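Participant: Okay, handing you the structure first.
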Amino acid sequence: MFRFIVIGIALILAYLLLKKFLFPSGRLDGRRRDERKISGEDLVEDPCCHTYVPVSEAFRVKAGGKTLYFCSEECYKKFRDKGGHIPD
Ligand SMILES: [Zn+2]
């Protein structure tokens, strides 16, 4: 009889560990949601170095009623100094 109790406890512990491993709760879930949000975000092309950057991280410049997105302010300056063509 004692052996059955030990096996039962071992099974419950294994189940709990597996559940914890497969379905981590709390903060981890929140982080996962954030990652999904970022990865599902629109990417915009930097017209200077042609790198794709997420909209929220891009350096925005409004020109001629259009918004241009750069990976950094440096790229915008380079683009502007080169007299880069602003698409319209
Ligand atoms: Zn760039």
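Participant: Every residue in the range 66-84 that is surrounded by 14 or more Cβ atoms within 10 Å (Cβ to Cβ) and either more than 12 Å from the ligand (Cβ to nearest atom) or charged (D, E, K, R) (or both), please.
Facilitator: Selection gives LYS78, ARG80.
Participant: Restricting to the range 38-65, name every residue that is surrounded by fewer than 11 Cβ atoms within 10 Å (Cβ to Cβ) and within 13 Å of the ligand (Cβ to nearest atom).
Facilitator: HIS50
Participant: Limited to the range 1-37, what total is found for residues that are at pLDDT 85 or above, among the basic types (Lys, Arg) and loosely packed, with under 10 Cβ neighbours inside 10 Å?
Facilitator: 1
The values are calculated or read from the model by the stated rules, or taken from the named source; none is laboratory data. As the structure is a prediction and not an experimental result, all values here were calculated from the model. Neighbour counts are summed over all protein chains in view; Cβ atoms, including those assigned to glycine, are modelled from backbone coordinates with ideal geometry.
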